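Contents: one structure, followed by commentary.
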Number of protein chains: 2
Amino acid sequence: MENGIRMIALGGLGHIGLNAMVLDTPEGAYLLDCGVEFPDPNEPGVDQVIPDVTWLLGLGEHLKAVILTHGHEDHIGGVAHLLKQRRLPVYGPRLAIALLEEKLDEHGIHGEVQLQIVEKTTTLSLEGISVEFLRVTHSIPDCFSLAIRTAEGTVIHTGDWKWDEEPVDGEEVDIDRFTMLGDEGVALLLGDSTNAEVPGRTRSEKAVGEGLRDAIVGHDGRVIVAMFSSNIHRMHILADLAEETGRHMVLLGRGLERMARVSRRVGLNRTDSSLFITPRNMGLIPPSKLLVCCTGTQGEPFSALYRASLGIHPLLEVQEGDLVLHSARKIPGNEGRIYDMFAQLTRLGAHVVHGKAAPIHASGHATQDELRAMFEWVRPQAFVPVHGETSFLQTHASIAREAGVPEVKVIENGRWFSLRNGQVQVGDEETFRRLYYDGAQSGNSTTMGIKERWKIAHTGVVAIQVTRKTVEGKLQVTVHLQSQGVPDVKGRFEKDCRQFVEQELQRLPSYTPRADFEDAAKMLVRRFAKQSVGKKPAVLLHCTEG
Amino acid sequence: MENGIRMIALGGLGHIGLNAMVLDTPEGAYLLDCGVEFPDPNEPGVDQVIPDVTWLLGLGEHLKAVILTHGHEDHIGGVAHLLKQRRLPVYGPRLAIALLEEKLDEHGIHGEVQLQIVEKTTTLSLEGISVEFLRVTHSIPDCFSLAIRTAEGTVIHTGDWKWDEEPVDGEEVDIDRFTMLGDEGVALLLGDSTNAEVPGRTRSEKAVGEGLRDAIVGHDGRVIVAMFSSNIHRMHILADLAEETGRHMVLLGRGLERMARVSRRVGLNRTDSSLFITPRNMGLIPPSKLLVCCTGTQGEPFSALYRASLGIHPLLEVQEGDLVLHSARKIPGNEGRIYDMFAQLTRLGAHVVHGKAAPIHASGHATQDELRAMFEWVRPQAFVPVHGETSFLQTHASIAREAGVPEVKVIENGRWFSLRNGQVQVGDEETFRRLYYDGAQSGNSTTMGIKERWKIAHTGVVAIQVTRKTVEGKLQVTVHLQSQGVPDVKGRFEKDCRQFVEQELQRLPSYTPRADFEDAAKMLVRRFAKQSVGKKPAVLLHCTEG
């Protein structure tokens, strides 16, 4: 890069999750958010997909800092993995930094990293850029858009946002400032596209409060609300409703407890703590006096609600008269197990409210009318949609064109794009590796064993131990065989396969080289399995000369 | 059962798919539909979940016949598995029987089974019941509800249905007959609940035709429509649109080709075959003169559209100017790979239209207003919702109560319920096994190896060969070790684990019994793996005395 500035997304552009974008200037490069993504069902045995830390480290000393927009996992979850390798300074809002501190603690590097909290009045002066933080609303408190002044003009990155006109904490979208920046002239807008295909406006959090009130008031039994842990606003609303309806409030599930603790520590949770009782004391309170907030909106196997639905939660025994409010969306792919959980809860006597049955959830991402408002405020010269499947990015691009933005480009992960003289130029491609973390280590699909595991998940595996010796010029072969996961309806596979392989190997000439002999053994196992049970398992072979 | 009739669902009540219900009378039992379900991601390496055939066979000679409502896989896919074991007669509509014949062919039992086609004028007289077939509309032609006359009154099973007032083939819902049966008195209605949580009316297939016309007319380049194979009506509509816009039509993908062939064979496909060109000749026609119908709505790995999106389809090369119409819904769980496919198609230059962007798809299942209409027509004494997640069944039950049905019960798979004197009594529970078919054999989760495969998909597997001998009163141990799918970022796992296990085993007393020694070896592998890579793999062990 000779002049101008350039950007590249490691994730989030063309696939939901793992939001991480590099902004590169001649004076230094900056990482805007560094999130994780959840593995898909074809990636068994890992917890998270993380950004390509190795590539980021390749930027060397030129990479100056990480700048965070808010505290959601898909924006901060990858930071610790990067910081373990290099202690970059991190700038971010109070809650995001507090949540990051917990992660740095887990990785044992807390205290070794320079963390700086930004406020809505903060402007950071960094090498080559300055960054102003503009308040936006979202489904977690303390969120910002970034207004980045560069040598090529102002770049606004919306981060995740919605336009909630009545935010629970009174922290409204800073429309004035967006508009003032628009008046000054914005060279490039990068805008959240998560809901770009959804018409209309999002429901406000206050309206969700009304929906929850309608559902709760007049209900005699226990109320159980499943919600996303990070939605502190909703926790506030529920605390108010608990007070209003004379109920004690219980937080059940580690995620909720952690969020309540961290948000209280940084002063973003002003709920009256005398309302809350600990889960352990829940049994002392009559059901009609309880409002239980719990984790498990997605039917996650170890979550509070899921365990309760199976009758194996030590403290929450679901019973006749319980009202379960699913105050969340069903993330695509989880519908099956969520519905199964609802069915279990119903069998225990609960009444479950979810989906469109009542207005008890709101998305945190701007829908089409709000996206149009942002274009009116900012009136950018150029627009690049971010955060979404490619299809969402394209729809957002169409909205931008309709709104009269002169320069609109859809760009995907791994592609440099530059801003120069108001023009967006598409540049070179980088190949980012999909890296995985499983709680113990991180690596790629091969080193983390994911490819092999995916394969054996479909075929099973066979271990054989072969001994060969030559007696009077003829091969004598002994085979032992064990299997895992090979379909064996008749219960004869191991025995029959062992016998077949032994007989066939015995027919080989005694001078067969070891390598050929071993290949033959593996091939025979796979051939027999294919014919008898329809699968070609992986084969682990150990061969000895007798 | 002394008197009355009773029913039990093997699937479909509490979980979508695998529709199969037994209607039991003193004179004989009948199986109403016998479908399959697709395995979920936790069930790797199998193709289908099939009904518990063993339980059905346990009904013995009392089970008299299979009665089919229509030809979708989740209603007929399990029939061949049952018929392989016992050659029951099958009654069903023309298209369903024709599709079943293809399956019986594959299983090598075609010609050995008595298949009887029913028409809309047919009334079957069977032992203990008579069955009248009432025309309904759905997303495949030739669908019926069943009106079953029993000693306890008339039972109507809607099958899958919607109320399309302008069906493409002119075969309207037989409202008159439903109403006449209502006038006579219907003891029990069993009603499709798939869309019970969706308000309003479904779009008609004709309206889909208008949406497709709006999208296609005026487009200069090639048109590619991805659709469900069984929707012959839509194939008709597209053929008409091809004619109207001067395009040749191509069917791409085995599913579509089969459906076109079978439906034409039974006279349900009256499209002008001169319009169609074979895929092989597609290259001879300019793109603006082509309308390609293809499989792959769900991004299935071997489907036409998916392969085209990767640029590996031998005949369909997607290019700038192509219009791709996704004339289908996104089945929950498939969104990720569908969006990835759209992104690939876009990169190749296609414009993709899907979701709410245009009215180019309609559901085949009645939504709330249509469900209310059915209650008005039939006015049943009792109602049991069928076909849906438990939550859908409950919502449908609420609609029934609001419609004034006196007796409403929600019943799930595996629970007998009886009809006697107009009352529905909930009876005993049966435990049905979840059976799997993988193309070669069928069995349960254990015999098909699914549990083991799921486990090793998360942990990997280690094979060890241990030789022990006693030298001067001390154990001498040699260990060989191979692994599959164990994360190994540093590339040292096999070597280090082998060494650790060998050293630790050596410390055991020489008199350690063989079984204890083997247990120790397995435990040591798992302990080392847990500590070094965070996983406890499955261990396949072979031990020899040296």
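Only the coordinates and a few stated rules stand behind these numbers; no lab work does. Quick caveat, the model's predicted, so the values are computed rather than measured. Every residue, glycine as well, gets a Cβ built from its backbone with ideal geometry; the counts of neighbours run over all protein chains shown.
What area, in nm² and to one decimal, does the C-alpha convex hull of region A:205-357 cast on average over all directions? Walk me through the numbers on the way to the answer.
Details: hull surface 33.4 nm².
For the Cα atoms of region A:205-357, the hull's average projected area reads 8.4 nm².
Separation of region A:149-185 and region B:408-456 by C-alpha centroid, Å?
First find each Cα centre; the distance between them is then 55 Å.
Report the paramagnetic label zone for B:ARG401: residues of region A:297-325 whose backbone N is under 18 Å from a point 7 Å from Cα along the Cα-to-Cβ axis.
Flagged as within label range: A:319-325.
Using only helices, what value at 222 nm comes out for chain A when you add -39,500 (n - 2.57) per DSSP H run of length 4 or more and divide by the total residues, to the nearest 500 deg cm²/dmol?
Numbers: 15 runs with 163 residues, N = 546.
Only helices count here, giving -9000 deg cm²/dmol.
If a/c stays under 1.5 just call it rounded; otherwise compare a/b with b/c (prolate if a/b is bigger, oblate if not). Do that for the protein assembly as shown, with a ≥ b ≥ c from the square roots of the Cα gyration tensor eigenvalues. Intermediate values should be presented prior to the final figure.
Working: a/c = 1.40, a/b = 1.07, b/c = 1.30.
Rounded is the answer for the protein assembly as shown, as its axis ratio a/c remains below 1.5.
List the relative contact order of chain A as a percent without decimals, with contacts defined as Cα pairs under 8 Å and 6+ residues apart. List each step's numbers first, then the result.
Values: 1185 pairs, mean separation 82.4, N = 546.
Relative contact order comes out at 15 percent.
Output the pairs from A:LYS530/B:LYS451; A:LYS455/A:LYS535; B:LYS64/B:LYS84; A:LYS455/B:LYS455; A:LYS522/B:LYS536; A:LYS535/B:LYS451 with a Cα-Cα distance over 18 Å in this structure; if there are none, say none. If you can, show how the numbers build up before the last one.
Details: A:LYS530/B:LYS451 20 Å; A:LYS455/A:LYS535 11 Å; B:LYS64/B:LYS84 15 Å; A:LYS455/B:LYS455 13 Å; A:LYS522/B:LYS536 26 Å; A:LYS535/B:LYS451 16 Å.
A:LYS530/B:LYS451; A:LYS522/B:LYS536, as the Cα separations exceed 18 Å there.
Mind checking Rg over Rh on chain B, alpha carbons, Kirkwood formula for Rh?
Values: Rg = 28.5 Å, Rh = 26.4 Å.
The Rg/Rh ratio comes out at 1.08.
Round to a whole angstrom and tell me the spacing of the C-alpha centers of region A:212-253 and region A:485-523.
Each part's Cα centre sits 63 Å from the other's.
Which FRET efficiency, nearest 0.05, do A:GLN423 and A:ASP105 yield, Cβ-Cβ r, R0 45 Å?
E between A:GLN423 and A:ASP105, to the nearest 0.05, is 0.50.
Is the shape of region B:84-131 best called rounded, prolate or oblate, per the rule: a/c under 1.5 gives rounded, else a/b larger than b/c gives prolate, else oblate, with a ≥ b ≥ c the square roots of the Cα gyration tensor eigenvalues?
Details: a/c = 3.63, a/b = 1.56, b/c = 2.32.
Oblate is the answer for region B:84-131, as a/c is 1.5 or above yet b/c matches or exceeds a/b.
So how do B:VAL479, A:VAL136 line up by other beta-carbon neighbours within 10 Å, fewest first? Before the final figure, lay out each step's value.
Values: B:VAL479 23, A:VAL136 27.
In increasing order of surrounding Cβ atoms, one gets B:VAL479, A:VAL136.
Would you mind calculating the relative contact order of region A:25-86 from Cα pairs under 8 angstrom and at least 6 residues apart, reporting the percent as a whole number? Show your work: numbers first, answer last.
Working: 84 pairs, mean separation 29.0, N = 62.
So the answer I get is 47 percent.
Based on a Kirkwood Rh over C-alpha pairs, give the Stokes-Einstein translational diffusion coefficient of region A:460-545 at 4 °C and viscosity 1.567 mPa s in µm²/s.
Details: Rh = 12.9 Å.
So the translational diffusion coefficient is about 100 µm²/s.
Which FRET efficiency, nearest 0.05, do B:ARG258 and B:GLU472 yield, Cβ-Cβ r, R0 60 Å?
Efficiency computed from Cβ-Cβ geometry: 0.25.
If amide hydrogens are placed 1.01 Å from N in the peptide plane, which non-local residues have theirs closer than 5 Å to the one on A:LYS162?
A:THR137, A:HIS138, A:ALA366
For helix B:390-402, report the angle its Cα long axis makes with the longest principal axis of the Cα atoms of chain B; keep it between 0 and 90° and round to the nearest 10°.
30
Convert each backbone phi in region B:365-382 into a coupling constant with the Karplus relation 6.51 cos²θ - 1.76 cosθ + 1.60 (shift: θ = phi - 60°), then list the ³J(HN,Hα) values in order as whole Hz, x for Gly and Pro.
Karplus-based 3J(HN,Hα) across region B:365-382 equals 10, 4, 9, 3, 5, 6, 4, 4, 4, 4, 5, 5, 5, 8, 6, x, 6, 9 Hz.
Skipping prolines and chain starts, which residues have an amide H placed within reach, meaning under 5 Å, of the one on A:LEU68, given they are 5 or more residues away or on another chain?
Amide H neighbours of A:LEU68: A:ASP33, A:TYR91, A:GLY92.
What whole-number distance in Å separates the alpha-carbon centres of region B:388-403 and region B:53-124?
When both Cα centres are located, 30 Å separates them.
Measuring from a point 7 Å out along Cα→Cβ, what nm distances, shortest first, does B:ARG261 have to its partners in the other copies?
6.4
Where both residues lie in the protein assembly as shown, what percent of DSSP beta bridges are antiparallel, nearest 5? Intermediate values should be presented prior to the final figure.
Working: 106 of 203 bridges.
Antiparallel bridges make up about 50 percent of those DSSP assigns within the protein assembly as shown.
What's the exposure ranking of B:THR447, B:THR137, B:THR202, A:THR470, going from fewest to most Cβ atoms within 10 Å?
Values: B:THR447 17, B:THR137 27, B:THR202 21, A:THR470 12.
In increasing order of surrounding Cβ atoms, one gets A:THR470, B:THR447, B:THR202, B:THR137.
Under the definition of partner shielding as Cβ atoms of other protein chains within 10 Å of a residue Cβ, what is the mean value for peptide A:38-46? Numbers along the way, then the final one.
On the way: counts 0, 0, 4, 7, 5, 1, 12, 11, 2.
Mean number of neighbouring Cβ atoms from other chains: 5.
Determine the gain in length on full extension of the stretch B:ARG433-B:GLU243; use 0.36 nm per residue of separation and subtract their C-alpha separation, reporting nm with one decimal. Please report the intermediate quantities before stating the final value.
On the way: separation 190, 0.36 × 190 = 68.40 nm, distance 5.00 nm.
So the extension gain works out to 63.4 nm.
Taking amide hydrogens as modeled 1.01 Å from N in the peptide plane, which residues meet the under 5 Å criterion relative to B:ILE224, leaving out close sequence neighbours?
Under 5 Å from the amide H of B:ILE224 lie the amide H atoms of B:VAL292, B:LEU323, B:VAL324, B:LEU325, each far enough along the sequence or on another chain.
On a 0 to 90 degree scale, rounded to 10, what angle separates helix B:335-347 from the longest Cα axis of chain B?
80
Please compute the modelled spin-label separation between A:ARG201 and B:ASP47, points set 7 Å along Cα→Cβ, answer in nm with one decimal.
So the label points at B:ASP47 and A:ARG201 sit 5.3 nm apart.
What shape does region B:1-90 have by the C-alpha gyration tensor, where a ≥ b ≥ c are the square roots of the eigenvalues, rounded means a/c under 1.5, and otherwise prolate means a/b greater than b/c and oblate the rest? Mind showing how you got there, number by number?
Values: a/c = 2.02, a/b = 1.71, b/c = 1.18.
Judged from the Cα gyration tensor, region B:1-90 comes out prolate (a/c at least 1.5, a/b above b/c).
Size of the dipole of region A:205-357 about the Cα centre, Lys and Arg at +1 and Asp and Glu at -1 on the beta carbon, nothing else charged, in debye to 20? Could you put the intermediate results ahead of the total?
Working: 19 positive and 15 negative charges, 106 e Å.
Once rounded to the nearest 20, the dipole reads 500 debye.
Rank the residues B:PHE276, A:PHE228, B:PHE178 as a footprinting-exposure proxy: fewest other Cβ atoms within 10 Å of their Cβ go first.
Working: B:PHE276 16, A:PHE228 21, B:PHE178 25.
Lowest to highest Cβ neighbour count: B:PHE276, A:PHE228, B:PHE178.
What angle do you read, to the nearest 10 degrees and between 0 and 90, between the alpha-carbon axis of helix B:205-216 and the longest principal axis of chain B?
70
As an exercise, use a Förster radius of 51 Å and the Cβ-Cβ distance of B:GLN319 and B:TYR511 to find the FRET efficiency, rounded to the nearest 0.05.
0.10
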